[in-house]
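Take a look at the structure below.
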Amino acid sequence: MKHENVYSLFENVTELTLEKQLALLADISQRFASSLNITETLHNTIQQLLVYMDAEAASIFLLENEGTELVCKECAGPVYIKGLRLQASHGIVGKTVKTRSCQMVRDVHKDPDFYHSVDIDTGFNTRSILCAPLIVQDECIGAIELVNKKGGDLFEDRDRHFLMALASAA
């Protein structure tokens with residue numbers, strides 16, 4: 001996987017200046033590390049992601065059972081999926097973990113990896129997904145997933161770059 005410096009992650013963003021983006025990244029990173037309690041840290045992380053990324057929903061999935069399952073450890077948004085278990089090889093989250101790369105799906109109904117049963121079970125309408133791997137000491141431990149940009153907008157490259165930077169900080 002190619003590693004980029006923080007400046008190149010933000011080079012195509014037009015809405016915020018580089019200084020504001022870096023200040024925002026520093027603020028979020030500090031909030032991620034504000035507690036030694038993992039549950040509190042994950043909760044803070046998800047809440048901040050919703051605000052900063054302007055998403056309808058967000059979740060953090062971590063690998064369990066020797067890497068065979070992805071478990072939602074924290075979520076925010078209109079439906080509660082904390083505790084949801086997926087096979088590590090399924091869905092866009094699974095693809096993110098398997099490939100260790102960010103996935104930006106602008107129309108989930110056209111993506112064969114989209115796992116429809118979560119929407120069916122919850123009644124939520126997923127339109128688009130942005131998902132970044134969580135990598136610690138070169139080991140992928142899970143993924144951060146954002147669902148639906150607010151206002152019907154679609155996730156863009158600048159969102160993908162920013163989420164990748166946030167995932168590395170988390």
TODO: Pop a pseudo-label 7 angstrom from the Cα along the beta-carbon direction at both D119 and A169 and give the gap in nm to one decimal.
DONE: 3.1
Task: Spacing of the two label points (7 Å from each Cα toward its C-beta) at Q137 and N37, in nm - done: 2.6
Task: Whole-Hz couplings from phi, Karplus 6.51/-1.76/1.60, listed for region 109-122; x for Gly and Pro - done: 6, 9, 9, x, 7, 5, 9, 5, 5, 5, 5, 4, 6, 9
TODO: Kindly report, to the nearest 10 Å², the accessible surface of K82 as traced by a 1.4 Å probe over protein heavy atoms only.
DONE: 80
Open item on the list: Using the Karplus curve 6.51 cos²θ - 1.76 cosθ + 1.60 with θ = phi - 60°, what ³J(HN,Hα) values do you get for each residue of region 96-103, in whole Hz, with x for Gly and Pro?
Closed with: 4, 5, 4, 8, 6, 9, 5, 10
Open item on the list: Between region 128-170 and region 95-120, how far is it from one alpha carbon centroid to the other, in angstrom?
Closed with: 12
Task: Nonlocal amide H pairs with L84, under 5 Å, H built at 1.01 Å - done: C72
- [ ] Name the residues whose placed amide hydrogens come within less than 5 Å of the amide hydrogen of L134, ignoring near sequence neighbours (fewer than 5 apart) on the same chain.
- [x] I141, G142, A143, I144
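Under a 1.4 angstrom probe, counting protein chains only, how are V147, V79 ranked by accessible area, largest first? Each step should come with its number before you reach the end.
On the way: V147 15, V79 40 Å².
Largest accessible area first, the residues go V79, V147.
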Task: chymotrypsin sites (Phe, Trp or Tyr not before Pro) restricted to DSSP loop in region 51-134 with at most 14 other C-beta within 10 Å - done: Y80
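How would you order 151-159, 90-98 from highest to lowest mean count of nearby Cβ atoms within 10 Å?
Values: 151-159: 14.2, 90-98: 21.9.
Result, highest mean first: 90-98, 151-159.
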Open item on the list: 7 Å from Cα along Cα→Cβ at both A26 and K82: what's the point-to-point distance in nm?
Closed with: 3.2
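The values are calculated or read from the model by the stated rules, or taken from the named source; none is laboratory data. All values derive from a computational prediction rather than experimental measurement. Neighbour counts run over all protein chains shown; Cβ positions are idealised from the backbone, glycine included. Quick note on the areas: whole protein, heavy atoms, side chains included, nothing else; ligands and nucleic acids left out. Shrake-Rupley method; radii C 1.70, N 1.55, O 1.52, S 1.80 Å.
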